[in-house]
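Structure first, commentary second.
The values are calculated or read from the model by the stated rules, or taken from the named source; none is laboratory data. Computed from a predicted structure; not experimentally measured. Here the Cβ is made from the backbone with ideal geometry for all residues, glycine too, and neighbour counts use every protein chain on show. Accessible surface areas use protein heavy atoms only, side chains included; no ligands, DNA or RNA. Shrake-Rupley method; radii C 1.70, N 1.55, O 1.52, S 1.80 Å.
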Amino acid sequence: MLDPFPGIENVFCGNFVGIERNLMSRPSVLFVDPEATRRRGIAALLAGFGYEVIPAVSPEEGRRFADHLGLGIVVSPAELVRGRDGSIVEQFASDGSAAGHTLLLLGRTEEEGRELPEEVLFLKADGLPLEDLGRRIHLVLLGREMGIEPDADLESLVGDLELLPFLELLRVAERVRLTGRIVCADGGVVLDGGEVMAATAGGAQGIKAFLRLSQLDAGPFWVRLRQPGGVEREIHQDLKSLIFLALEDRIHDAPDPRCRVRVKLGPGFFETRFTPSQQELLAVVPSCGTVGRLLDAMPATDGEILRDLVGLRELGIVSLEEPEEIVHVVTDSGSDLPPELARAHGIHIVPVLVLFGDRIYH
């Protein structure tokens, strides 16, 4: 079979190789805390995700370890790393940041966080269960590996598909063995250990939804963590297979989903021998009206449906009408715009309503 996207594999593989090289070594965690129970608990939680945790009792001990930490994050109660003047100790905030460290401070009130430099992360940790604290630190670590920033509450990572397209985002998620959900405006996918388990997009689910999401190349997305297990698997293919399936399913110059679809019952309709999929499509068209509703109504992938639709249009069996862009012009009844000119350009004249007392005059 001819490759419909010659050279595309090399483009994606080249990007993925670069990503994998950046993710070869996992960041370390320097956890500074005089409380032994919390140090041991955080170390055990993060070690379960494959991270090295270096515990330190005091800021002095932490600063000595920070010199040899390499890429990683420093987590500490805020009061431990403040100077006498109340500022953040420079070695953690500036030297550490220059060396590639991320500084995460744990405080008691939101006001403490407002006083910090923009590059310092803050978490109100007073009364926060150990598991929640570990989850948020894990989120920051994943963000470092994926190249995505966390939100202010450390509840999710926030990125832009224009900078990291959907398929590349999934490849990075697979590399870091993400267990969670990637959410965007059009839907999202559920992952377990980096494997795609399920997908939703509008009214579609499973493979059909995944293929729709794979075409996204702009807009915000959020990465949220969850506990492993407990998700019913809808998608049973590995990511490499899904990527190539997505590439093969793409239709260039596909019609606008808002286009109206109409069946033309001329002589050609009764003389043409339709395939089973074309017959199914023609049966559904009258109840759908637009291309978008047609895609939602049929179980086949969008690419398969659009190929049949384009083929039927080329045979003269169906017509696609571009969506009408209605422009409302508010003017008075004595407008100089000729009615035929307005109609030709899709302009609808709406007379001004003038209200005098209880009577309306046009």
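Given q = 0.10, 0.12 Å⁻¹, what are the Debye log10 I(q)/I(0) values for region 161-251, with equal point scatterers placed on the Cα positions and solvent ignored? Per q value, in the given order, log10 I(q)/I(0) is -0.21, -0.30. With the convex hull constructed from alpha-carbon coordinates only, region 176-218 shows a mean projected area of 2.9 nm² over all directions.
Remark: region 268-274, residue by residue, has Karplus-estimated 3J(HN,Hα) of x, 5, 7, 9, 8, 9, 8 Hz, where x stands for each Gly or Pro and the curve is 6.51 cos²θ - 1.76 cosθ + 1.60 at θ = phi - 60°.
The order of 287, 76, 58 by accessible area, most exposed first and with a 1.4 Å probe, is 287, 58, 76. The local environment of residue 305, defined by Cβ-Cβ distances under 12 Å, has a net charge of -2 under the rule Lys, Arg +1 and Asp, Glu -1.
For the ranges 292-299, 250-257, 196-203, what's the packing order if you count other beta-carbon atoms within 10 Å of each residue, average per peptide, and put the highest first? If you can, show how the numbers build up before the last one.
Numbers: 292-299: 17.6, 250-257: 13.1, 196-203: 19.2.
Going by the mean number of other Cβ atoms within 10 Å, highest first, we get 196-203, 292-299, 250-257.
Contact order, relative form, for region 212-318: 32 percent (alpha carbon pairs under 8 Å, 6 or more residues apart, mean separation divided by residue count).
Could you tell me what percent of the accessible area of region 200-279 is made up of carbon and sulfur, with a 1.4 Å probe and every protein chain present?
Values: 2520 of 4930 Å².
Accessible surface attributable to carbon and sulfur in region 200-279 totals 51 percent.
Sequence-ordered 3J(HN,Hα) estimates for region 30-42 from the Karplus curve with 6.51, -1.76 and 1.60 and θ = phi - 60° stand at 9, 10, 9, 6, x, 7, 5, 4, 6, 4, 5, x, 5 Hz, glycine and proline given as x. Using θ = phi - 60° in the Karplus curve 6.51 cos²θ - 1.76 cosθ + 1.60, the 3J(HN,Hα) couplings for region 222-227 round to 10, 10, 10, 8, 8, 6 Hz; x is entered for Gly and Pro. The mean accessible area for residues of region 162-310, using a 1.4 Å probe and ignoring ligands and nucleic acids, is 50 Å² per residue.
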